[in-house]
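S.K.: A single structure is presented below for examination.
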Amino acid sequence: SAVISQKPSRDICQRGTSLTIQCQVDSQVTMMFWYRQQPGQSLTLIATANQGSEATYESGFVIDKFPISRPNLTFSTLTVSNMSPEDSSIYLCSVLDRAGLPGELFFGEGSRLTVL
Amino acid sequence: GENVEQHPSTLSVQEGDSAVIKCTYSDSASNYFPWYKQELGKRPQLIIDIRSNVGEKKDQRIAVTLNKTAKHFSLHITETQPEDSAVYFCAAKTDSWGKLQFGAGTQVVVTP
């Protein structure tokens, strides 16, 4: 199974600032995703990180607010821009580790952001 | 798009009893249904999954059933133990590369 490292694991941020979260996988993976989990809530997909091209965003999420990079098959970043307290959440990187049949989605440990 | 509903939102059971969590989905094209367990402060982890070509799958104390006609699937935990206490999420997706749509989650509390 893929080993996913995320950093920072947690941070406290000031309103109006931006923070970049890094996701490193120990093997090349086809699909990488970014999820948001607000306190006590379910997992909501922000976007699919596409290698070498623009990310595919879900409804309600835009590139200006959540720019994503994926320069290669093992690394991606998510930036949360111009943060407000409503952005306080856990942000999770996830990867699809098996091609062909629907595969298991693996998650990183998450990055817990608190915006003051 | 796919919509997954999950019930109940909380479930309290006595140790040794069974726990059942139910989910319904809206897209008849969905063919993959995983269940994730998330312990407090930890990442979600897959505990069992089922594909649309089977009706039931078991793994020790955990089983999942799927009713494609009714578009619902359920998680069954037998002989519950305190370490089963966690939030459980069901999910569904339509193809290998499709996104997973998660249910709202069920907080399971197993009391000794």
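S.K.: Sum up the charges of everything whose Cβ sits under 15 Å from the Cβ of A:L116, counting Lys and Arg as +1 and Asp and Glu as -1, but leave A:L116 out. Don't skip to the end; give the middle numbers.
M.R.: Numbers: positive: A:R10, A:R15, A:R112; negative: A:D11, A:E86, A:D87.
Local net charge: 0.
S.K.: Let me have the relative contact order for chain A, percent, based on Cα pairs under 8 Å that are six or more residues apart.
M.R.: 37 percent.
S.K.: Could you calculate the FRET efficiency of A:N82 with B:H72 from 1/(1 + (r/R0)^6), where r is the beta carbon distance between them and R0 is 41 Å, rounded to 0.05?
M.R.: 0.50
S.K.: Quantify, in whole percent, the carbon and sulfur part of the accessible surface of chain B (1.4 Å probe; protein heavy atoms only).
M.R.: Values: 2580 of 5530 Å².
Roughly 47 percent of what the probe reaches on chain B is carbon or sulfur.
S.K.: How do A:S42, B:S26 stack up against each other in accessible area, from largest to smallest, with a 1.4 angstrom probe?
M.R.: Numbers: A:S42 20, B:S26 55 Å².
Descending accessible area places them as B:S26, A:S42.
S.K.: Still on this model: Please provide three numbers in whole Å: the alpha-carbon extents of region B:39-88 along the principal axes, with the largest listed first.
M.R.: 35, 23, 16
S.K.: Something else now. Taking all protein chains as present, what is the carbon and sulfur share of the accessible area of chain A, in % to the nearest whole number, probe 1.4 Å?
M.R.: The C+S portion of the solvent-accessible surface of chain A is 48 percent.
S.K.: Same structure again: Going toward the positive end of the dipole of the protein assembly as shown, with +1 on Lys and Arg Cβ and -1 on Asp and Glu Cβ, which of B:G1, B:H76, A:T30 do you reach last?
M.R.: Towards the positive end, the residue furthest out is A:T30.
S.K.: Just need the relative contact order of chain B here, percent rounded to a whole number, with Cα pairs under 8 Å and 6+ apart.
M.R.: That works out to 37 percent.
S.K.: For B:L46, A:L43, what's the largest-to-smallest order of accessible area, 1.4 Å probe?
M.R.: Largest accessible area first, the residues go B:L46, A:L43.
S.K.: How many square angstrom of accessible surface are buried between B and A, both sides summed, with a 1.4 Å probe and rounding to 100?
M.R.: 1900
S.K.: Per residue Cα convex hull volume for chain B, in cubic angstrom?
M.R.: Dividing the Cα hull volume of chain B by its residues yields 94 Å³.
S.K.: Still on this model: Report the label-to-label distance for A:T17 and B:E79 in nanometres (one decimal), using points 7 Å from each Cα along the Cα→Cβ vector.
M.R.: 5.1
S.K.: I want to verify the translational diffusion coefficient of the protein assembly as shown in µm²/s; compute it with Stokes-Einstein, Rh as the Kirkwood radius over Cα pairs, at 4 °C and 1.567 mPa s.
M.R.: 71
S.K.: Something else: Lys and Arg at +1, Asp and Glu at -1: add these up for the other residues within a Cβ distance under 10 Å of A:S81 and post the number.
M.R.: My count for the surroundings of A:S81 gives -1.
S.K.: In addition: Find the accessible area per residue for region B:7-66; the probe is 1.4 Å, ligands and nucleic acids are left out, and the unit is Å².
M.R.: Here the residues of region B:7-66 average 55 Å² of exposed surface.
S.K.: Moving on to the next point. Of all the C-alpha pairs in chain A, what % are more than 19 Å from each other?
M.R.: 41
S.K.: How much accessible area per residue does chain A have, counting only protein heavy atoms and a probe of 1.4 Å, in square angstrom?
M.R.: About 47 Å² of surface per residue is accessible.
S.K.: Counting alpha carbon pairs within less than 8 Å and at least 6 residues apart, what relative contact order, in whole percent, applies to region B:15-57? Mind dumping the intermediate values first?
M.R.: Values: 35 pairs, mean separation 13.3, N = 43.
That works out to 31 percent.
S.K.: What is the sum of charges, Lys and Arg at +1 and Asp and Glu at -1, for the other residues whose Cβ falls under 14 Å from the Cβ of B:V13?
M.R.: -4
The values are calculated or read from the model by the stated rules, or taken from the named source; none is laboratory data. Since we're looking at a predicted model, the values are computed, not measured. Virtual Cβ from ideal backbone geometry, glycine too; neighbours counted across all protein chains shown. For accessibility, only protein heavy atoms count, side chains too; no ligands or nucleic acids. Shrake-Rupley method; radii C 1.70, N 1.55, O 1.52, S 1.80 Å.
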